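What follows is one structure encoded as structure tokens, with my remarks underneath.
Computed from the coordinates by the stated procedures, all read-outs in this text should not be read as laboratory data. Please read all numbers here as calculations on a predicted model, not as lab measurements. Every residue, glycine among them, receives a Cβ derived from its backbone with ideal geometry; neighbour counts consider all protein chains shown.
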Amino acid sequence: MADEAPKLIQIGKGGPGVKKDGFNLISEKVVKVDPEARTMEIELLAYEGKTVVLEVGEELLEDLKKLKPGDGVTVRVIEEEPGAGVQGTLHSGTAKRRIVKGFTIRSRDANKTRAEEMLAALSEGHWLTRKYAVETLGTLGDTRAVGPLIECLADEVHDIRQRAYDSLIKIGAPSVTAVASLLTHEDDDLRQSASEIIRKIGKPAVEPLTEVMQGADETLQAKIRKLLDRMGYKPKPKTEVL
């Protein structure tokens, strides 16, 4: 059960104080979501982990259904004069009603949030920023980075190309399907890079390579067979169903 609601404070440049048009509450953890009652219970680290149940505006019901226990969330709350409120919350009775008028869900996975920042950084103009982003994405191993990292294999800066090469190897098997498409690329350097990346991934690359070969044209099939042979693997022949 939620503790007594802490006093809401303004979060902004003006410092703590009452704010008539609403307040921001930042929570690292949603404890409970009840779409039927139209409420959410959140933990407030700023108040030593106490939780508070908040009524959610009717217009946010569909968004509320997307919220899951464990999510981090930034909530915009307004206070209204006492009214009917939602029974069982801290807003019913004589207390002021605290109603959520907007909220933003934050990822439960810190690495996922970091990856999103690095993916955005790939569009930065300064090459040092892109270099750092490419390297970090490889360390995080987020599969969403595969496509952007492949594009970085053709970057004008050598260090970025090298970091993209290394990062795709770190991501491993999930990168193989996309990297394999470069085996027939018109650019010699990209073809060579693709071959080396897959070979360095090693055994985990065999299964996705075999799957790619099944739907590939003859040219790509030949490239994959040759690559698998160099890696010491031979694809099993298809068994025809009679």
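Taking R0 as 30 Å, what FRET efficiency do you get between LYS203 and ILE26 from their Cβ-Cβ distance, rounded to the nearest 0.05? Present the calculation step by step, with values, prior to reporting the outcome.
On the way: r = 45 Å, r/R0 = 1.50.
Calculated transfer efficiency: 0.10.
The amide H of LYS29, built 1.01 Å from its N in the peptide plane, has GLU43, VAL73 as neighbours under 5 Å, considering only residues 5 or more places off or on other chains.
For the set LYS68/LYS131; LYS66/LYS203; LYS131/LYS200, the pairs lying more than 27 angstrom apart at their alpha carbons are LYS68/LYS131; LYS66/LYS203.
Normalising the average separation of contacting C-alpha pairs (under 8 angstrom, six or more residues apart) by the number of residues puts the relative contact order of the range 110-231 at 19 percent.
Stretching the chain fully between SER123 and THR210 yields a gain of 28.0 nm (0.36 nm per residue, less the alpha carbon separation).
Computed from label points 7 Å out along Cα-Cβ, the spacing between THR104 and GLU80 is 2.5 nm. Give the shape of the range 167-214 as rounded, prolate or oblate, defined through the alpha-carbon gyration tensor: a ≥ b ≥ c are the square roots of its eigenvalues, a/c under 1.5 means rounded, and otherwise the shape is prolate if a/b is larger than b/c and oblate if not. Oblate, because a/c is 1.5 or more while a/b does not exceed b/c. In this simple spin-label approximation, GLU218 and ASP159 carry label points 7 Å from Cα along the Cα→Cβ vector, and these lie 4.7 nm apart.
Could you compute the FRET efficiency for LYS68 and ASP166, with r as their C-beta to C-beta distance and R0 at 25 Å, rounded to 0.05? All intermediate terms of the calculation are to be shown ahead of the outcome.
Numbers: r = 35 Å, r/R0 = 1.40.
Using R0 = 25 Å, I get an efficiency of 0.10.
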